[in-house]
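Asks: Quick one: this structure, given as structure tokens, is what I'll be asking you about.
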Amino acid sequence: MPDLPLDLVRTLLAVVDEGTFDAAAAALHVTPSAVSQRVKALEQRTGRVLLMRTKPARATESGEVVVRFARQLLQLERDTLTELGLPAAGEAARLCIAVNADSLSTWFIPAMTRVPDIRFDLHREDEGHTTALLREGLVMAAVTSTPDPVLGCTVRALGNMRYLPCASPTFAARHLDGPLPNLIADAPVLVFDRRDQLQDHFVDTVAPGKQASQHRHYIPSSEGFVDAVAAGLGWGMVPEVQARPRIAAGTLTDIGHPIDVPLYWQQWKLDSPPLAAAAQAIAAAAAAALG
């Protein structure tokens, strides 16, 4: 059974995080040749190809297992140094977390301020796909809409993110002046990205069997999405916390019933004080902001 030396797994992790051998070498203060030799040595020890030599470099399926192990091992190392009070422990803990754009733009940032001694490395991803980053070992925790735990992770319910179907008053008067089931599927629509199915889900609840119009605009920014709805580019599902002030100001109108998206916190089963502190802060912020 081959061992996995820390310097080798640390190097593989650096290549995956930095994207290239040169960038990993700079981060580790070694030469690119040394990085290449270490990755090859690790592949020889495991008998598997661990890295796809692309730009950026990506872990293979076997490499994802080692990357996950490396990240867990380094986190435990940092936590141990902190508890021992060693000089190297002066560096703040670094946590890699996946979070969806709407959470990031509404309630997640206040949670981060509750744990100022932690350095956050956030990966923005759709809430339905953040668990993939957990499986790949790219993050150690995630805000997700998936209640089924990733292998080696725990799950905690955070609450419901409520979305309101909204349009500008002018848009609603032009495209939605009549029975909603007859009009909604043909009206221009805004979609966050190609993984966003919330608008299609709403249309199906209003007019079963139908989808949102193919006249759709992709706006991959939470704030830009709301601005585009208010500008009359199309209708869209807007987080309630962002929609309510604009509805009160008259720049948005609510065109139908809300949709609740349950959110969960998944994290590695790792006895890490920084990870536990972050999880507690995030749960508290979610409890105050979500239904």
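Asks: Show the residue pairs meeting these rules: Cβ distance below 8 Å; 6+ apart or different chains; first residue within segment 228-252 and closer than 21 Å to residue 216 by Cα; second residue open to solvent by 80 Å² or more (accessible area, probe 1.4 Å) and not acidic (Asp, Glu).
Replies: From residues that are closer than 21 Å to residue 216 by Cα, the pairs are 232/170; 234/215; 239/162.
Asks: So for segment 105-116 (the condition being open to solvent by less than 40 Å² (accessible area, probe 1.4 Å), aromatic (Phe, Trp, Tyr) and not in a loop (DSSP other than H, G, I, E, B)), does at least one residue qualify?
Replies: Scanning segment 105-116, I find at least one residue that is open to solvent by less than 40 Å² (accessible area, probe 1.4 Å), aromatic (Phe, Trp, Tyr) and not in a loop (DSSP other than H, G, I, E, B), so the answer is yes.
Asks: Does residue 61 meet the test of being crowded, with 16+ Cβ neighbours inside 10 Å and either under 23 Å from residue 150 (Cα atoms) or among the acidic types (Asp, Glu) (or both)?
Replies: Against the criterion (crowded, with 16+ Cβ neighbours inside 10 Å and either under 23 Å from residue 150 (Cα atoms) or among the acidic types (Asp, Glu) (or both)), residue 61 does not qualify.
Asks: Looking at (1) touching a residue at least 40 places away in the same chain (Cβ under 8 Å); (2) in contact with a helix residue (DSSP H, G or I) (Cβ under 6 Å, 6 or more places away or on another chain), can you tell me which one residue 210 breaks?
Replies: For residue 210, the exception is condition (1).
Asks: Another question, if that's okay. With the requirement that a residue be in contact with an Asp or Glu (Cβ under 8 Å, 6 or more places away or on another chain) and open to solvent by 80 Å² or more (accessible area, probe 1.4 Å), what does segment 203-214 give you?
Replies: 210, 211
Residue-by-condition table, conditions (1) in a loop (DSSP other than H, G, I, E, B); (2) without any contact (Cβ under 8 Å) to a residue 40 or more places away in the chain; (3) surrounded by 19 or more Cβ atoms within 10 Å (Cβ to Cβ):
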position: 148; (1), (2), (3): yes, yes, no
position: 154; (1), (2), (3): no, no, no
position: 158; (1), (2), (3): no, no, yes
position: 162; (1), (2), (3): no, no, no
position: 171; (1), (2), (3): no, no, yes
position: 178; (1), (2), (3): yes, yes, no
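Rundown of residues vs (1) at pLDDT 95 or above; (2) open to solvent by less than 50 Å² (accessible area, probe 1.4 Å); (3) charged (D, E, K, R), yes/no style:
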{"site": "216", "(1), (2), (3)": "yes, yes, yes"}
{"site": "223", "(1), (2), (3)": "no, no, yes"}
{"site": "244", "(1), (2), (3)": "yes, no, yes"}
{"site": "247", "(1), (2), (3)": "yes, yes, no"}
{"site": "277", "(1), (2), (3)": "no, yes, no"}
{"site": "289", "(1), (2), (3)": "no, no, no"}
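Asks: Can you name the number of the only condition in (1) open to solvent by 30 Å² or more (accessible area, probe 1.4 Å); (2) modelled with pLDDT of 90 or more; (3) of a type in the set (Ser, Thr, Tyr) that residue 82 fails?
Replies: (2)
Asks: Related question: Can you tell me which residue among 252, 198 is in contact with a strand residue (DSSP E or B) (Cβ under 6 Å, 6 or more places away or on another chain), within 25 Å of residue 100 (Cβ to Cβ) and open to solvent by less than 10 Å² (accessible area, probe 1.4 Å)?
Replies: Of the residues listed, the single one that is in contact with a strand residue (DSSP E or B) (Cβ under 6 Å, 6 or more places away or on another chain), within 25 Å of residue 100 (Cβ to Cβ) and open to solvent by less than 10 Å² (accessible area, probe 1.4 Å) is 252.
The values are calculated or read from the model by the stated rules, or taken from the named source; none is laboratory data. Keep in mind that what you see is a predicted model, and the values were worked out from it rather than measured. Note that each Cβ is placed from the backbone with ideal geometry, even for glycine, and that neighbours are counted across all protein chains shown. Heavy atoms of the whole protein, side chains included, go into the accessibility calculation; ligands, DNA and RNA do not. Shrake-Rupley method; radii C 1.70, N 1.55, O 1.52, S 1.80 Å.
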